[in-house]
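S.K.: Have a look at the structure that comes next, please.
None of the figures in this text is laboratory data; all of them are computed from the coordinates on show. Values in this document were obtained by computation on a predicted structure and should not be read as measured data. Note: ideal-geometry Cβ built from the backbone for every residue, glycine included; neighbour counts use all protein chains shown.
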């Protein structure tokens with residue numbers, strides 16, 4: 001076990017030394033990988049911020065539940081208790097008929113007309129705040145509540161939810177397509193970089209094969225090189241996006257003062273950062289593995 005670990009540490013150190021031996025070429029490759037990765041990653045971060053800002057502007061979605069006019073106090077209390085105990089409901093607000101009538105008087109300016117009514121035409125109601133705000137969950141909850149007895153109408157304004165989800169769904173698909181295309185490009189970059197290194201060490205590799213070196217032994221330093229190059233490329237992408245968002249936030253600060261708001265763009269979460277670094281490392285490793293595998297096959301087939 002110690003021998004295996006020491007071999008990997010030695011290969012890792014030699015790989016780091018090789019990176020610093022050609023600093024300009026290594027830096028250019030890392031910057032190319034970072035720039036390519038920051039395109040889909042940056043769009044992803046912007047989509048996350050758009051969703052967060054849209055949620056702040058629109059607010060928490062609500063479902064209005066109107067009781068039937070013949071519903072008694074016991075029915076109203078029972079419905080309120082069921083709503084509070086529902087697993088999909090975060091909280092419930094009760095609006096009595098009298099309270100609704102007073103709000104209508106104050107908001108419409110028709111107090112004299114409404115005061116002349118012989119009876120209150122408004123029903124008791126509940127304002128329901130669901131735990132989840134996606135359109136599918138909201139509509140499922142609305143359809144369920146419509147089947148409850150003593151309820152006249154269940155109203156949900158889900159048009160904005162559908163529009164927002166459609167926009168975000170389109171954006172996520174665009175990110176996936178862009179990430180897939182650029183992933184092939186990054187694998188090709190690593191593939192070509194490793195190919196050039198193999199060509200300069202071809203005689204050494206052939207001699208190693210003749211004296212019994214395994215494919216894993218020959219492949220190991222190139223895999224480490226590709227993995228480290230991909231990891232550093234992912235770190236470069238993270239740095240580019242972080243600096244760009246900091247610059248945009250400085251401009252948004254002045255814009256926010258004009259509109260009396262405090263919008264700020266959030267950077268990657270810890271989970272997203274780890275995903276970016278692992279993904280970029282994997283792409284570098286994959287490009288190196290494919291390049292070494294091709295050249296080993298050519299050597300063995302002769």
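S.K.: Would you calculate the separation in nanometres between label points at residue 168 and residue 216, each defined as 7 Å from the Cα along the Cα-to-beta-carbon direction?
M.R.: 4.5 nm
S.K.: Let me ask something else about it. Which length gain, in nm to one decimal place, applies between residue 53 and residue 192 when the Cα-Cα distance is subtracted from 0.36 nm times their residue separation?
M.R.: Stretched out fully, the residue 53 to residue 192 stretch lengthens by 45.8 nm.
S.K.: Estimate the FRET efficiency between residue 297 and residue 272 by the formula 1/(1 + (r/R0)^6), using the beta-carbon distance for r and 25 Å for R0, to the nearest 0.05.
M.R.: With R0 = 25 Å, the Cβ-Cβ based efficiency is 0.10.
S.K.: Counting other beta carbons within 10 Å of each residue's own, what order do 94, 126 fall into, fewest first?
M.R.: The order, fewest Cβ neighbours first, is 94, 126.
S.K.: Continuing with the same structure: How long is the gain from residue 10 to residue 239 if the chain were fully straight, where each residue apart is worth 0.36 nm and the alpha carbon distance is subtracted?
M.R.: Between residue 10 and residue 239, full extension yields an extra 79.6 nm.
S.K.: In whole angstrom, how far apart do the alpha carbon centroids of the range 124-191 and the range 63-97 sit?
M.R.: The two parts, judged by their Cα centres, are 26 Å apart.
S.K.: How far apart, in nanometres, would the label points at residue 180 and residue 81 be if each is projected 7 angstrom from Cα along the Cα-to-Cβ direction?
M.R.: 5.4 nm
S.K.: Provide the gained length on full extension for the span residue 199 to residue 43, in nm with one decimal, where the gain is 0.36 nm per separating residue minus the Cα-Cα distance. Provide the component values of the computation, followed by the final result.
M.R.: Numbers: separation 156, 0.36 × 156 = 56.16 nm, distance 3.77 nm.
Roughly 52.4 nm would be gained on extension.
S.K.: At R0 = 41 Å, how high is the FRET efficiency between residue 131 and residue 35 if r is their beta carbon distance? Nearest 0.05 is fine.
M.R.: 0.55
S.K.: Related question: Quick one: 50, 45, fewest Cβ neighbours within 10 Å first, how do they rank? Numbers along the way, then the final one.
M.R.: Values: 50 15, 45 22.
So the residues, fewest neighbours to most, are 50, 45.
S.K.: Using label points projected 7 Å from each Cα along Cα→Cβ, tell me how many nm separate residue 249 and residue 206, to one decimal.
M.R.: It is 5.7 nm.
S.K.: Still on this structure, please answer the following. Calculate the FRET efficiency for residue 143 and residue 98 from the Cβ-Cβ distance with a Förster distance of 45 Å, rounded to the nearest 0.05. All intermediate terms of the calculation are to be shown ahead of the outcome.
M.R.: On the way: r = 30 Å, r/R0 = 0.67.
After rounding, the FRET efficiency stands at 0.90.
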